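Report on the structure given below.
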């Protein structure tokens, strides 16, 4: 069951793909930031069960996605554009509490929501590119979408033992509502989030 409360508007695909170089550049930076976030959690919380192993593997996979998107840009004669602020991720991180284990639990939930939304959006890209005859892009985004779904599940699994189930469920509900409102307030643009 998805933790997302809302779905991306159908018009998003057209806006997101209006400038393929901008979309692919943003995607490359999203994958880079996902790898960096996983490694940051390993650095800060290496003693938490199998966190280092799980997030180290996740960071490795995210880094391989950076390479895949970079190669796709190169194959199309494009270069990555500079990174721009991600208002979606910043908004989610603004809800992280202080003090442990609440902070770690929230950081893991934010990562789960980012990955879950990425899964949903990459599925939309795969479907949209399949409809427009872009078979290479459709296949790539279908493959990457499945990885994002697994990543969301990993973050949720890591959050489960940190706080009582009722607290975790309450935080999931809070983030779900906030994420839907945040997404609704952002413009459709040539970016993943």
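The values are calculated or read from the model by the stated rules, or taken from the named source; none is laboratory data. Remember, it's a predicted structure, so these values are computed and weren't measured experimentally. Positions of Cβ are backbone-derived with ideal geometry, glycine not excepted, and every protein chain shown enters the neighbour counts.
Just a few scattered comments:
- The numbered conditions (1) surrounded by fewer than 18 Cβ atoms within 10 Å (Cβ to Cβ); (2) farther than 15 Å from residue 176 by Cα are all true for residue 94 except (2).
- Contacts under 8 angstrom Cβ, first residue in the range 121-148 being touching a residue at least 12 places away in the same chain (Cβ under 8 Å), partner exposed (fewer than 14 other Cβ atoms within 10 Å of the Cβ), 6 or more apart: 126/139; 129/135
- So residue 53, is it in a helix (DSSP H, G or I) and closer than 22 Å to residue 192 by Cα: no
- Which numbered condition residue 177 misses (of (1) more than 29 Å from residue 20 (Cα to Cα); (2) outside any helix (DSSP H, G or I)): (2)
- Failed condition for residue 190, given (1) surrounded by 14 or more Cβ atoms within 10 Å (Cβ to Cβ); (2) part of a loop (DSSP other than H, G, I, E, B); (3) modelled with pLDDT of 95 or more: (3)
Yes/no per residue for (1) surrounded by fewer than 20 Cβ atoms within 10 Å (Cβ to Cβ); (2) modelled with pLDDT under 95; (3) closer than 29 Å to residue 67 by Cβ; (4) in contact with a strand residue (DSSP E or B) (Cβ under 7 Å, 6 or more places away or on another chain):
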{"site": "121", "(1), (2), (3), (4)": "no, no, yes, no"}
{"site": "126", "(1), (2), (3), (4)": "no, no, yes, no"}
{"site": "130", "(1), (2), (3), (4)": "yes, no, yes, no"}
{"site": "133", "(1), (2), (3), (4)": "yes, no, yes, no"}
{"site": "156", "(1), (2), (3), (4)": "yes, no, yes, no"}
{"site": "169", "(1), (2), (3), (4)": "yes, no, no, no"}
{"site": "178", "(1), (2), (3), (4)": "yes, no, no, no"}
{"site": "186", "(1), (2), (3), (4)": "yes, yes, yes, no"}
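- Looking across 4, 24, one residue alone is crowded, with 20+ Cβ neighbours inside 10 Å and in contact (Cβ under 8 Å) with a residue 24 or more places away in the chain. It is 24.
- So residue 71, is it under 30 Å from residue 185 (Cβ atoms) and either in contact with a helix residue (DSSP H, G or I) (Cβ under 9 Å, 6 or more places away or on another chain) or modelled with pLDDT of 95 or more (or both): no
- Applying the set (1) more than 23 Å from residue 86 (Cα to Cα); (2) without any contact (Cβ under 8 Å) to a residue 60 or more places away in the chain; (3) assigned to a helix (DSSP H, G or I) to residue 161 leaves exactly one unmet item: (2).
- Residues that are in a loop (DSSP other than H, G, I, E, B) and farther than 18 Å from residue 152 by Cβ, drawn from the range 11-50: 11, 17, 18, 19, 45, 46, 47, 48, 49
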